[in-house]
Amino acid sequence: MNYRKIYKEIKRSKKIVIARHVGADPDALASQIGLRDTIKNTFPKKEVFAVGCPASRFRYLGNLDKFDEDYDALLIVVDTPDAKRVDGVDPKKFKRSIKIDHHPFVEKICTYEWIDDTASSASQMILECIYHTRLQMTKEVAEKLFLGIVADTNRFLFSYTSSKTFSLVSKLLKNYQIDMSTLYDHLYLRPLKEIKFQAYITLHLTITEHGLAYLKLTDEVLKQYEVDAATAGNMINNFNYIEEAVAWAIFSEDVKNANIRGSIRSRGPIINDVAARFQGGGHIYASGVRLENFEKVDELIDALEERCKEFKQKEN
């Protein structure tokens, strides 16, 4: 899949639907909404829909659209490796579809697929595509894509931040005079209740013999701090630098969706294949999962502990 092919498919389509993964994060939304707005800016007469469940926490990235279920439209799926995680639509119902994703390959779900697991983010891939085609970007789109890249690289701290990432972001900053300080406020300002909740997580985190740090959060605890399961999961990157931990995970009860949301990170052990055994997945050092109950959580914790043990044995 190349940039020209993506642009050609977009140009020839009267109606376009853009989807991303369930449990949207800033990169998923920024790449989805940024691409939608870029297409609308380039081709004002096209109907373009960004679909899926809204995430009120990230509403600063823009609004989503209602889809009228016209499967003759072109579907573009961003930031999603497999069909079961696509939010809002079924990729199999569309005659033509494109996947743009930076996760390791899981399965083919679209007619055309552009997968680059060396890219820092889906937002980086959208930015790259814009710069290599006649798609026209605005400052608002530039700001969204910048936020998506910053969020998925944790301010360029993660190992998959590359020279290409910096080159693209440098061009973005030069061309659009982005006010980084204001944008960072969107990502990092937190209400006091979340800071108190972070303190609770820190105090109750369990660290195992082989360096797995984890915490199980019940609905009762979430209600006590007036936060939801998504908020808890988004705090996972706050615990990147615990010396005693080589991997860490937060499991939050999501009563509304009748599951347990798990966010997993690592500083060495490969975790995405472990998550995949529990119907989850993601990057080798950053993955997510949704589990039926806390019994399944305990099974996953045991599997992650075993992976941490194997990692430490290889180190020694």
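None of the figures in this text is laboratory data; all of them are computed from the coordinates on show. Source: prediction; values computed, not measured. Here Cβ is always computed from backbone atoms with ideal geometry, including for glycine, and neighbour counts include all displayed protein chains.
Between Lys92 and His186, how many nm apart are label points set 7 Å from Cα along the C-beta direction?
It is 3.6 nm.
Highest mean first, what order results for 260-266, 12-18 on Cβ atoms within 10 Å?
Those peptides, ordered most packed to least, come out 260-266, 12-18.
How much FRET efficiency would the formula 1/(1 + (r/R0)^6) give for Arg155 and Thr218, where r is the Cβ-Cβ distance and R0 is 35 Å, rounded to 0.05?
0.65
Among Asp116, Asp152, Asp101, whose mean-square fluctuation peaks in a Gaussian network model of the chain (Cα, cutoff 10 Å)?
Asp116
Stretch Asp179-Ala258 to full length: gain in nm at 0.36 nm per residue minus the Cα-Cα span?
Numbers: separation 79, 0.36 × 79 = 28.44 nm, distance 4.02 nm.
Extra length from Asp179 to Ala258 when fully extended: 24.4 nm.
Starting from segment 245-295, pick out the GluC sites (Glu not before Pro) whose DSSP state is loop and whose Cβ has at most 15 other Cβ atoms within 10 Å. Could you put the intermediate results ahead of the total?
Values: sites: Glu253, Glu292, Glu295; in loops: Glu292.
Within segment 245-295, the qualifying GluC sites (Glu not before Pro) (loop, at most 15 other Cβ atoms within 10 Å) are Glu292.
Residues of segment 271-289 with backbone nitrogen within less than 13 Å of a virtual label 7 Å along the Cα-to-Cβ line of Asn237, please, listed as ranges.
Inside the label zone: 286-287.
As a test of understanding, state the convex hull volume per residue of segment 195-239 from its alpha carbons, in Å³.
Measuring per residue, one finds 70 Å³ for the Cα hull of segment 195-239.
Dividing the alpha-carbon Rg of segment 130-220 by 2.2 N^0.38 Å yields what?
1.50
Using DSSP to define loop residues, name the chymotrypsin sites (Phe, Trp or Tyr not before Pro) in segment 217-257 whose beta-carbon has at most 13 other beta-carbon atoms within 10 Å.
When the chymotrypsin sites (Phe, Trp or Tyr not before Pro) of segment 217-257 are filtered for loop state and at most 13 Cβ neighbours within 10 Å, Tyr241 remain.
In segment 134-217, what chymotrypsin sites (Phe, Trp or Tyr not before Pro) fall in a loop by DSSP, with at most 14 other Cβ atoms inside 10 Å?
Phe156
Over all distinct alpha-carbon pairs, what is the Kirkwood Rh of segment 3-187 in angstrom?
Result for segment 3-187, one decimal place: 16.2 Å.
Given all pairs of different Cα atoms, what value in angstroms does the Kirkwood hydrodynamic radius of segment 86-183 take?
For segment 86-183, inverting the mean 1/r across all distinct Cα pairs yields 14.6 Å.
In the chain, how does Rg compare with the Kirkwood Rh, expressed as the Rg/Rh ratio over alpha carbon atoms?
0.97
Give me the three principal axis extents of segment 191-303 from the C-alpha atoms, as integers in angstrom, largest value leading.
Computed over the Cα atoms, the extents are 33, 32, 22 Å.
Suppose each label sits 7 Å from its Cα in the direction of the beta carbon; what would the Lys193-Gln279 distance come out to in nanometres?
Inter-label distance under the simple model: 3.0 nm.
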